[in-house]
Every structure is written in structure tokens, then in C-alpha cells.
Amino acid sequence: MKRVKFLALVAKDTLPVYVEQMRTDLTRALHAFGLADVAITDSGAWFHERFAVCGDWQSWIWESVNGKDYATREPNFDGFVVCVDTLGKANAQIVELALRNNRAVLAWDGSELRSVSRLLTYDANRWVDGWGIETTSLGGSP
């Protein structure tokens with residue numbers, strides 16, 4: 001069985017203790033959803049791992065959504081999970097590109113997994129929290 005890799009989108013300043021709790025709880029939710037083997041990387045850790053290699057924000061965003069592991073030629077991530085109420089610019093652009101490329105984008109509020117149907121712009125000048133998401137149930141209804 002293939003391991004399913006997710007990038008969990010969190011705020012850049014999220015404390016490590018909260019990231020670890022989120023990862024544990026999200027793993028349980030994904031298991032309950034039927035995914036037996038999952039790997040979750042938070043966007044802060046991914047930033048530290050790959051941003052310097054990518055060189056700029058646009059390249060890092062593209063690499064996050066469309067990049068492949070050099071050794072396995074598998075996508076870096078099979079899907080994306082929004083774990084915050086509002087998104088900063090980089091995470092919003094990841095969601096936008098993933099949706100445009102028909103990639104799996106989920107939202108998780110700490111108790112329920114939902115499907116992200118579209119990105120909402122609240123204020124494009126607020127780079128820290130200017131975006132949000134619209135979701136539907138994983139069955140497709142609101």
C-alpha cells in the first residue's frame with residue numbers, strides 16, 4: 001500500500017508543540033477517513049527544507065504543488081490540508097495552484113475533514129491573513 005503524503009498548511013509562526021499535536025490529530029482523522037498509511041509535513045518544516053533550494057516564493061510554491069522527489073519521481077505531496085482559519089499569501093497560492101491543477105485539497109478544523117472547493121480573497125494586501133477557503137463535505141454537499 002502506497003504512503004499518502006500531505007502538506008499541512010499552517011501559519012508560519014505556529015509553535016512546534018501545536019504543530020505536533022495537529023499532526024497527531026490529523027493523522028488520526030485521515031486514518032478514520034480510510035487512509036492507512038499517511039505522512040504529514042507541515043508547511044513551516046517544508047519551507048525550511050526547500051525554500052533555499054527553490055530560491056524564491058514562486059518557485060517554492062510551484063515545487064510544493066507540482067514538484068517531484070528526485071529519487072522516486074513521485075510527487076512531493078499527494079494532497080494538501082488547510083489547518084488554519086485564514087491563509088497567508090504563500091499558503092493561499094499553494095491552495096490556488098493545487099485547485100487549478102485538480103490536486104486534492106482538504107480542510108481540517110481539528111475535528112472534521114472537508115473538501116476545499118475554492119479560495120476566497122478577503123484582502124490581498126494582508127499577506128499574513130488575507131485569504132480563506134470555501135469548503136464542502138467530502139461527499140460533495142455543503
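The values are calculated or read from the model by the stated rules, or taken from the named source; none is laboratory data. Please read these numbers as outputs of a predicted model, since none were measured by experiment. Positions of Cβ are generated from backbone atoms using ideal geometry, with glycine treated the same way; all protein chains shown enter the neighbour counts.
None of Gly110, Gly44 is at pLDDT below 95 and in contact with an Asp or Glu (Cβ under 8 Å, 6 or more places away or on another chain) except Gly110. Against the numbered list (1) farther than 18 Å from Ser64 by Cβ; (2) within 11 Å of the chain's Cα centre (by Cα); (3) of a type in the set (A, V, I, L, M, F, W, C), Val128 comes up short only at (2). Is it true that some residue in region 82-94 is in contact with a helix residue (DSSP H, G or I) (Cβ under 7 Å, 6 or more places away or on another chain), within 17 Å of Val4 (Cβ to Cβ) and polar (S, T, N, Q)? Checked against the condition, which is being in contact with a helix residue (DSSP H, G or I) (Cβ under 7 Å, 6 or more places away or on another chain), within 17 Å of Val4 (Cβ to Cβ) and polar (S, T, N, Q), region 82-94 yields no hits at all. Count of region 41-57 residues, restricted to those that are touching a residue at least 12 places away in the same chain (Cβ under 8 Å) and more than 22 Å from Trp108 (Cα to Cα), is 2.
Among the residues of region 5-29, those identified as in contact with a Leu (Cβ under 8 Å, 6 or more places away or on another chain) and closer than 22 Å to Ala92 by Cα are Phe6, Ala8, Leu9.
This table checks each residue for (1) closer than 20 Å to Asn66 by Cβ; (2) of a type in the set (Gly, Ala, Ser); (3) surrounded by 13 or more Cβ atoms within 10 Å (Cβ to Cβ).
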{"residue": "Thr86", "(1), (2), (3)": "no, no, yes"}
{"residue": "Glu96", "(1), (2), (3)": "yes, no, yes"}
{"residue": "Leu99", "(1), (2), (3)": "yes, no, yes"}
{"residue": "Arg103", "(1), (2), (3)": "yes, no, yes"}
{"residue": "Ser111", "(1), (2), (3)": "no, yes, no"}
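Within region 98-124, residues that are free of Cβ contacts under 8 Å to residues at least 24 places away in the same chain have Cβ atoms under 6 Å from residues that are β-branched (Val, Ile, Thr) in these pairs: Leu99/Val105; Ser117/Thr136, counting only partners at least 6 apart in sequence or on another chain.
Within region 67-74, identify whether any single residue is under 22 Å from Val116 (Cα atoms) and either touching a residue at least 60 places away in the same chain (Cβ under 8 Å) or out of contact with any His (no Cβ under 9 Å at 6 or more places or on another chain) (or both), and answer yes or no. Yes. Within region 1-19, the set of residues being at pLDDT below 95 and surrounded by fewer than 17 Cβ atoms within 10 Å (Cβ to Cβ) comprises Met1, Lys2, Arg3, Lys12, Asp13, Thr14, Leu15, Pro16, Val17, Tyr18. Restricting attention to region 1-40, the residues that are in contact (Cβ under 8 Å) with a residue 40 or more places away in the chain and hydrophobic (A, V, I, L, M, F, W, C) add up to 13.
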